[in-house]
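The values are calculated or read from the model by the stated rules, or taken from the named source; none is laboratory data. No experiment lies behind these values; they were computed from the predicted model shown. Cβ sites come from the backbone with ideal geometry, for glycine too, and all protein chains shown count toward neighbours.
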């Protein structure tokens, strides 16, 4: 690009030869990204485990990492990701290791870079949109009521398992609902 930003390989910027066969999800994503700058995908909880939500389009529109949240109410996570998306669009792009106040129910959130080996299982819609990884993704991780993050000493085991640790290699992640939901067995 002429503005010095890294090139985008998404289905808006490039014709990958299959525009006539894009499905409804991809077409809806294009409309949302074109109108709003990004879209939020909701993956509801099921009998295997909790749900999650993630953005598509922040990289295309603002060269901000895409964002993801796990383990909460999908509609609340959608609202949080939209708020974070607006902040990124205004220049407040989050960074790996950063903590921000008042993100989740008045509590902070920490941002961690997602290991690309999780992308296919967790962010299939984003992979279909961008086509060519690597694509930057940050996981917004929320703390417990005491302000402790899942990796910190003093957290209860159920809380530690409430969100995946996608900054880890999938082979290092403890087996459980998240490795099943995100199909990490084959990674």
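What to note about this one:
- Where helices (runs of 4 or more DSSP H) fall wholly inside the range 116-160, the ranges with 2 or more residues that are touching a strand residue (DSSP E or B) at 6+ places or on another chain (Cβ under 9 Å) are 119-122, 124-130.
- Residues of the range 166-180 that are out of contact with any strand residue (DSSP E or B) (no Cβ under 8 Å at 6 or more places or on another chain) and either under 18 Å from residue 68 (Cα atoms) or not in a loop (DSSP other than H, G, I, E, B) (or both): 168, 169, 170, 171, 172, 173, 177, 179, 180.
- For the range 17-27, the criterion of being modelled with pLDDT of 90 or more, in contact with a strand residue (DSSP E or B) (Cβ under 8 Å, 6 or more places away or on another chain), surrounded by fewer than 17 Cβ atoms within 10 Å (Cβ to Cβ) and under 22 Å from residue 121 (Cβ atoms) is met by no residue.
- Condition broken by residue 50, with the remaining ones in (1) over 24 Å from residue 6 (Cβ atoms); (2) at pLDDT 95 or above; (3) buried (at least 19 other Cβ atoms within 10 Å of the Cβ) satisfied: (2)
- Cross-chain or 6+ apart pairs with Cβ under 8 Å, the range 164-187 first and within 18 Å of residue 44 (Cα to Cα), then at pLDDT below 85 and surrounded by fewer than 12 Cβ atoms within 10 Å (Cβ to Cβ): 179/185
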